[in-house]
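Novice: Pasting a structure here, questions to come.
The values are calculated or read from the model by the stated rules, or taken from the named source; none is laboratory data. Remember, it's a predicted structure, so these values are computed and weren't measured experimentally. When we count neighbours, we look across all protein chains shown, and the Cβ atoms used for this are built from the backbone with ideal geometry, even at glycine. All accessible areas refer to the heavy atoms of the entire protein, side chains included, with ligands and DNA or RNA removed. Shrake-Rupley method; radii C 1.70, N 1.55, O 1.52, S 1.80 Å.
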Amino acid sequence: MAESASLLAHKISSKNATVCVIGLGYVGVPLAVASAQAGFNVLGVDVDHSKVEQINMGVCYVEDKYSEELLPDLVRSGKIKAYSKLSEAVPQADIAIVCVPTPLQKDGDPDLSFLKSVAKSLAGQLTDYKLIIVESTSYPGTTEEVFRPLLEHGGKSAGKDFALVYSPERIDYGNASFGVRSIPKVVGGVDAESTRLGASFYSAILQAQVVVVSGPSVAEATKILENVFRYVNIALVNELAVLHEALGVDFIEAIDAAATKPFGFMAHYPGPGVGGHCIPKDPFYLVYKAKKAGFSLRMVSAAEVLNNGMPRHTVERLLKTVRKLKKNPRKLKVALWGLSYKGGVKDTRRSPSVDLLKIFQRSGVKVVTYDPFVERIKAGSVVYASASSILDSVEGADAVVIATNHVAFRQVDLSEVRAKMNPDPILFDTRNLRTRNECEDAGFTYLATGRP
Ligand code: SAJ
């Protein structure tokens, strides 16, 4: 091992290394907290000055119980300090971890601009031997083909003047049982030395297993596979849900039963669409890379059509029932419960509720929204403020559509809800939080995704 690498290895094992986390979002903040809790000095960097100020005041703005609990003391004790310029922090650091967004451009292609600008800035900061880790999700080859050449632009080379590793973030936003330290970590370096340093660092801060793979491209492929797997499997159950609704077969009961098989099946559940910053986006990083290599990923394209079709299917199914009840769709008032893209979080990025609202707008349906975590949401040119209470949201409504799996919607007393609504009310449970019996006993016409 080169002298500089062994010096860094020693600094890591003795927790004397200084760690710089670049990008203080829902990935970077928990990582900064875990590194500081393990004993490392942590310097955070974010271009958003308000985030830097909040961190330096010990205010945690990400929805992560672990970070919310530990960050204030770690900042007070000086273990974490945030900066808005990379050049203020990286020169002091031995390890730099890149956790910046990798969104899509308007045309649907990958937008690596955040990643590239960090690489260009870092290239000028490699004054001494450092371990550079990329965690941002991207297509296989990004670290070697895009990030590394920009880093080496200053004349330094990976493996000799710095170590370079890719280790995908696997943060499951709002997941109370699996936090940053308890999710196994995949690590792939540009050479054995880089991999060793990366693995030793994550072993030092995490409780979970560190999984070493042969290089950055395999680690990138691992993460994209995980999210493509989820996207395609959700599309499969969405398609089969629509079929079984027509066949008059309870598909949710079938999924629950299939989930009893101890091997060969992983349950996914249908719904009104797929949201969030990752699952509806990451597969298209691979679609782009595949196209460059002359491949078209038909499974992902089919999944896109199926998942993007669920909001329309949901509204059409509701309007069909409205007509059956001899109600006028144009005079319909709907209470839409749930604005965030999944239960327990306030994040509305690519939320299916936005698509539902747009389709209701086009159908001339009046909608009142309610979400315990979200104050308002914009759909098209209309801003919907969440009603002040769940019962206020159903005042004079004809139908309730449950769009997000928040606990509050599992617990609300449906008779109380019913009492506030117009005659012959409908309850459409797209997340299967309630049972047919409790809905019908409360006097609702019951609809549920995947159930006849
Ligand atoms: N959904 C369904 N049916 C399901 C599961 C989810 O319709 O059976 C919907 C959800 O309601 C939501 C969307 O899919 O709208 C995404 O939900 P998610 O639970 O996958 O949540 P994310 O996007 O917050 O987190 C995912 C996770 N990836 C996997 O589970 C493979 C997380 O581990 C990743 O770290 C994260 O993406 C990411 O950052 O990539």
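Novice: So what's the gap between the Cα centers of the stretch 147-194 and the stretch 292-366, to the nearest angstrom?
Specialist: Cα centroid to Cα centroid, the span is 37 Å.
Novice: Also: By accessible area of protein heavy atoms, probe 1.4 Å, what ranking do LEU306, LEU126, LEU236 get, highest first?
Specialist: On the way: LEU306 50, LEU126 5, LEU236 85 Å².
Ranked from most to least accessible, the order is LEU236, LEU306, LEU126.
Novice: Follow-up. Angle, helix 28-37 long axis vs. longest principal axis of the chain, Cα atoms, 0 to 90°, nearest 10?
Specialist: Tilt relative to the chain: about 50 degrees.
Novice: In what sequence, largest accessible area first, do LEU336, LEU243, LEU225 appear using a 1.4 Å probe?
Specialist: So, going from the largest accessible area down, we get LEU225, LEU243, LEU336.
Novice: Taking 51 Å as R0, compute the FRET efficiency from the Cβ-Cβ separation of LYS160 and ALA419 and round it to 0.05.
Specialist: Working: r = 73 Å, r/R0 = 1.44.
Calculated transfer efficiency: 0.10.
Novice: Per-residue accessible area for PHE295 at 1.4 Å probe radius, Å² rounded to 10?
Specialist: Roll a 1.4 Å probe over it and PHE295 shows about 130 Å².
Novice: Same structure, new question: Mind checking the angle between helix 192-205 and the chain's longest principal axis? C-alpha axes, 0 to 90 degrees, to the nearest 10.
Specialist: Helix 192-205 sits roughly 60 degrees off the main axis of the chain.
Novice: Over the stretch 218-307, give the accessible area per residue in Å² for a 1.4 Å probe, as an integer. The partial results should precede the final answer.
Specialist: On the way: 4510 Å² over 90 residues.
That works out to 50 Å² for each residue.
Novice: Take the stretch 6-119, compute every pairwise Cα distance, and split them into 10 Å bins from 0; I just need the percent in each bin.
Specialist: The distribution over the stretch 6-119 is 15, 45, 29, 10, 1, given as percents.
Novice: Another one. Provide the per residue accessible area, probe 1.4 Å, for the stretch 32-148, rounded to a whole number of square angstrom. Walk me through the numbers before you get to the answer.
Specialist: On the way: 4760 Å² over 117 residues.
Here the residues of the stretch 32-148 average 41 Å² of exposed surface.
Novice: Take ARG376, ARG436, ARG76, ARG317 and sort them by solvent-accessible surface of the protein heavy atoms, 1.4 Å probe, largest at the top.
Specialist: Values: ARG376 140, ARG436 85, ARG76 180, ARG317 35 Å².
Highest to lowest solvent-accessible surface, that is ARG76, ARG376, ARG436, ARG317.
Novice: Sticking with this one: Which of rounded, prolate, oblate describes the stretch 64-207, given a ≥ b ≥ c as roots of the alpha-carbon gyration tensor eigenvalues and a/c under 1.5 marking rounded, otherwise prolate only if a/b is larger than b/c? Write down the numbers at each step before the final one.
Specialist: On the way: a/c = 1.45, a/b = 1.25, b/c = 1.16.
Rounded, because the longest to shortest axis ratio a/c is under 1.5.
Novice: Okay, moving on. Can you tell me the accessible area per residue over the stretch 335-447, all protein chains present, probe 1.4 angstrom, in square angstrom? It would help to have the intermediate numbers written out before the result.
Specialist: Details: 4640 Å² over 113 residues.
On a per-residue basis, the stretch 335-447 sits at 41 Å².
Novice: Computed over the Cα atoms of the stretch 89-152, what is the convex hull's projected area averaged over all directions, in nm²? Present the calculation step by step, with values, prior to reporting the outcome.
Specialist: Numbers: hull surface 17.3 nm².
Reported value for the Cα convex hull: 4.3 nm².
Novice: A further question on this structure: Quick one: which residues, 5+ away or cross-chain, put their amide H under 5 Å from the amide H of SER136? H built at 1.01 Å from N.
Specialist: VAL100
Novice: Report the gain in length on full extension from SER4 to ASP128: 0.36 nm times residue separation, minus Cα-Cα distance, nm rounded to one decimal.
Specialist: Working: separation 124, 0.36 × 124 = 44.64 nm, distance 0.85 nm.
Result: 43.8 nm gained on full extension.
Novice: Quick query: amide H of ILE97 versus all other amide H atoms, modeled in the peptide plane; which residues come in under 5 Å with a sequence gap of 5 or more or a different chain?
Specialist: CYS20, VAL21, ILE22, ILE133
Novice: Could you work out [θ]222 nm for the chain from helices alone, using -39500 (n - 2.57) per DSSP H run of at least four and dividing by all its residues? Round to the nearest 500 deg cm²/dmol.
Specialist: On the way: 17 runs with 184 residues, N = 452.
Result for the chain: -12500 deg cm²/dmol, rounded to the nearest 500.
Novice: Using a 1.4 Å probe, how large is the accessible area of MET310, given in Å² and rounded to the nearest 10?
Specialist: Surface accessible to solvent at MET310 totals approximately 10 Å².
Novice: Please report, as a whole percent, how much of the solvent-accessible surface of the chain comes from carbon and sulfur atoms (probe radius 1.4 Å). Intermediate results must be reported in sequence, preceding the final value.
Specialist: Numbers: 10500 of 19510 Å².
So the carbon and sulfur contribution to the accessible surface is 54 percent.
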